[in-house]
Amino acid sequence: MRASKQSGASAILVINAGSSSIKFALYDASAQSGDRLLDGQISGIGTAAVAADIPDQAGDFGHLPEAADHEAAISWLLWGLGKGGVEIIAAGHRVVHGGPAFSAACLVDLSVEAEIERLIPLARLHNPHNLAAIRAVRALWPDLPQVVCFDTAFHATQPEIATTLALPERLRSAGIRRYGFHGLSYQSVAARLDVALSGGLPQRVIVAHLGNGASLCALREGKSIATTMGFTPLDGLIMGTRPGLTDPGVLLYLLEEQGMSVQQVSRLLQKESGLAGLSGIGADMRVLEASTEPSARFAIDAFCYRIVREAGSLAAALGGLDAFVFTGGIGENSEGVRAKVMDGLAWLGAKPDAAANNARAGREPSLISAAGSPLPVYVVRTDEEGIIAAETARLAGSD
Ligand code: AMP
């Protein structure tokens, strides 16, 4: 939780409702810069350990109801913010899955809500909570403009050949295709790098969003042309608790031969695999890096190996590579992972600068490849909430 300014201004509320947490931030709506006034979160939703981390400036919230579910936690948060000194003039929400219908952020009306609800089967872990937040805001403040920003929308520029799954027509026409996620992060990183580099964003770029969820995106002239996540955020890279790319035959085997239920397979893929499954220790990269267990080493090696392989695939889709970018909790903070991945990208021209790679990443994009490295490599801090605030200001007509 951070609070950078005393509140009192008119603000845009950004809500990022996840499966067990609700993150929020207030952005100054009166300043051109769109400064972040404060942020906080409620975590452990749906468990006995539900807890709120709210800065004092946000006001006096009183006690969070015990064992609050999403509805209760959001209502409590909005009620507390409503009592604070800040005038909220619009709310922006992150929505994970926009399906085929949404290729850009938009203002919420009842038909948009209904469409997000219709998309729940595509993102059961996320869209219901995103929708609950939208409805809670509407219940409390019916006249407040609300904007939805989709993690899938940034990938709407991908060509059909990149998004098509080789399935029969009846399934393809039912919307079963690759969508891609982490779009708000890619939008944020591309914009920041474009501003920071004197020549603007290079033509062919791969961005590696490495966090608890992880994916790569190939950008040509700033637009997504391919990405490693697909129909759901389960595809592609090894993640904290998800295995990423896995032969679908494994799933058939588990269902048909091992007698696992659909729920058990779902749990395996969402919660028990990835770094946690490989290491047997956990999903947290900091813990794995500090561990001397061989399984922790192997998990990190496998994580980096998959990134390098998938980067090769995206470089082929781009027809070459002009820059590689790290972002996300691991990408921004783990010099060990970055060094290993750069090692694997030597064939594409990556030559690391060890000192730059070991330095703590700052607010501005930093170059971590050596001077004259044929492939420049950057670390760029992602700011998904900042993108949501900017889109909300634009669509709600407050900038
Ligand atoms: P995110 O989902 O983007 O918040 O990223 C979460 C991941 O970032 C977790 O695996 C963390 O262990 C990892 N992470 C955060 N800080 C560090 C750090 N200083 N070094 C290595 N990994 C980190």
Residue match in region 346-357 (condition: within 16 Å of the ligand (Cβ to nearest atom) and under 28 Å from Ile238 (Cα atoms)): yes
Verdict on Gly329 being out of contact with any Leu (no Cβ under 7 Å at 6 or more places or on another chain) and under 30 Å from Val108 (Cβ atoms): yes
In region 387-399, residue surrounded by the most Cβ atoms within 10 Å (Cβ to Cβ) [restricted to those that are out of contact with any Gly (no Cβ under 7 Å at 6 or more places or on another chain) and under 20 Å from Glu87 (Cα atoms)]: Leu395
So Ile88, is it in contact with a helix residue (DSSP H, G or I) (Cβ under 7 Å, 6 or more places away or on another chain), more than 19 Å from Lys23 (Cα to Cα) and surrounded by fewer than 19 Cβ atoms within 10 Å (Cβ to Cβ): no
Residue in region 325-332 that is closer than 30 Å to Pro145 by Cβ and among the hydrophobic types (A, V, I, L, M, F, W, C) present: no
Looking only at region 301-328, and only at residues there that are over 24 Å from Pro202 (Cβ atoms) and either without any contact (Cβ under 8 Å) to a residue 40 or more places away in the chain or among the aromatic types (Phe, Trp, Tyr) (or both), the one that is nearest to the ligand (Cβ to nearest atom): Phe303
All positions within region 35-71 that are surrounded by fewer than 18 Cβ atoms within 10 Å (Cβ to Cβ) and small (Gly, Ala, Ser): Ser43, Gly44, Gly46, Ala48, Ala49, Ala51, Gly59, Gly62, Ala67
First in region 329-347 and at pLDDT 95 or above and outside any helix (DSSP H, G or I), second anywhere and among the hydrophobic types (A, V, I, L, M, F, W, C) and within 12 Å of the ligand (Cβ to nearest atom), Cβ under 9 Å, 6 or more apart: Ser334/Leu210; Ser334/Met285; Ser334/Ile300; Ser334/Phe326
Condition check for Gln264: surrounded by fewer than 20 Cβ atoms within 10 Å (Cβ to Cβ) and free of Cβ contacts under 8 Å to residues at least 60 places away in the same chain: yes
Residue list for region 98-134, restricted to those being in contact with a helix residue (DSSP H, G or I) (Cβ under 7 Å, 6 or more places away or on another chain) and of a type in the set (D, E, K, R): Glu113, Glu117
Selected residue [surrounded by 16 or more Cβ atoms within 10 Å (Cβ to Cβ) and within 13 Å of the ligand (Cβ to nearest atom)] from Ser366, Ser373, Ser334: Ser334
Options Phe326, Phe303: the member that is crowded, with 17+ Cβ neighbours inside 10 Å and not in a helix (DSSP H, G or I): Phe326
Filter result for Glu289 (acidic (Asp, Glu), surrounded by 19 or more Cβ atoms within 10 Å (Cβ to Cβ) and at pLDDT 95 or above): no
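The values are calculated or read from the model by the stated rules, or taken from the named source; none is laboratory data. The structure displayed is predicted, hence computed values, not measured ones. When we count neighbours, we look across all protein chains shown, and the Cβ atoms used for this are built from the backbone with ideal geometry, even at glycine.
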